[in-house]
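Quick notes on the structure that follows.
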Amino acid sequence: MRVGTTMRQKQKFTHIARSKSFACVANDEEMSSGQKVGRFQFFDITHRKRDGSPLTIETTEIMKKLKDKRVEYEATASSDSSINLDDIDNRVTTEVLGPEKYGRAQAEVQRLRYQMAQMQVSTVEQITQLKAEVASREAEAKRKYDELQLQLKAETVAREAEATRKYDELQLQLQNMMKMFQQNQS
């Protein structure tokens with residue numbers, strides 16, 4: 001028998017998390033709702049079909065028990081201030097489903113690993129984007145440098161041409177003056 005089949009047979013309840021870990025499912029839900037997901041809400045999320053109906057008749061019965069117990073605890077909590085309202089969902093779920101198999105610590109570690117992996121992917125994407133921006137800026141700087149070099153060469157050639165023209169002009173004037181001086185001497 002294959003490992004997946006054996007593990008599936010050991011499951012108390014069918015769920016819809018597929019290959020995603022429960023920590024990833026919880027993290028995704030927390031990201032979308034902006035609130036921490038308790039065991040009661042998590043059970044509800046992972047045991048409903050896409051259309052919102054419960055997966056099995058057993059799931060329907062469990063959800064009913066959970067809701068009834070929640071009403072019981074909330075009624076008790078309204079008269080007894082020692083009961084923490086935030087802890088009601090966990091108490092109800094533990095009473096109906098039993099204690100968590102791995103505990104919150106392991107789920108929290110998985111959630112943190114998932115978040116770290118997402119941050120690492122995000123960081124790699126940012127580094128790639130920054131490298132592309134640097135390459136683009138370097139290419140633009142090189143283009144401007146080459147453009148300025150060409151402009152400088154053109155200006156240098158123009159200055160040299162102007163200097164040569166003036167020199168030739170002065171040489172011609174000097175020759176004319178020498179001729180005139182020689183004509184005046186003779």
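Nothing in this text is a laboratory measurement; each read-out follows from the coordinates by a stated rule. Keep in mind that what you see is a predicted model, and the values were worked out from it rather than measured. We place every Cβ from the backbone using ideal geometry, glycine too, and count neighbours over all the protein chains shown.
Rg and Dmax of the stretch 34-74 over Cα atoms: what are they, in angstrom?
10.9, 31
Placing +1 at every Lys and Arg Cβ and -1 at every Asp and Glu Cβ, with all other atoms neutral, what dipole size does the stretch 117-186 have around its Cα centre, in debye to the nearest 20?
Dipole magnitude for the stretch 117-186 comes out near 220 debye.
What is the extension gain from residue 41 to residue 60, computed as 0.36 nm multiplied by their sequence separation minus the C-alpha to C-alpha distance, in nm to one decimal?
Using 0.36 nm per residue and subtracting the Cα-Cα distance, I get 5.4 nm.
Evaluate the distance, in nm, between pseudo-label points positioned 7 Å from the Cα of residue 175 and of residue 147 along their respective Cα→Cβ axes.
4.4 nm
Taking a quarter of the surface of the convex hull around the Cα atoms of the stretch 110-186, what do you get in nm²?
Answer in nm², one decimal: 5.8.
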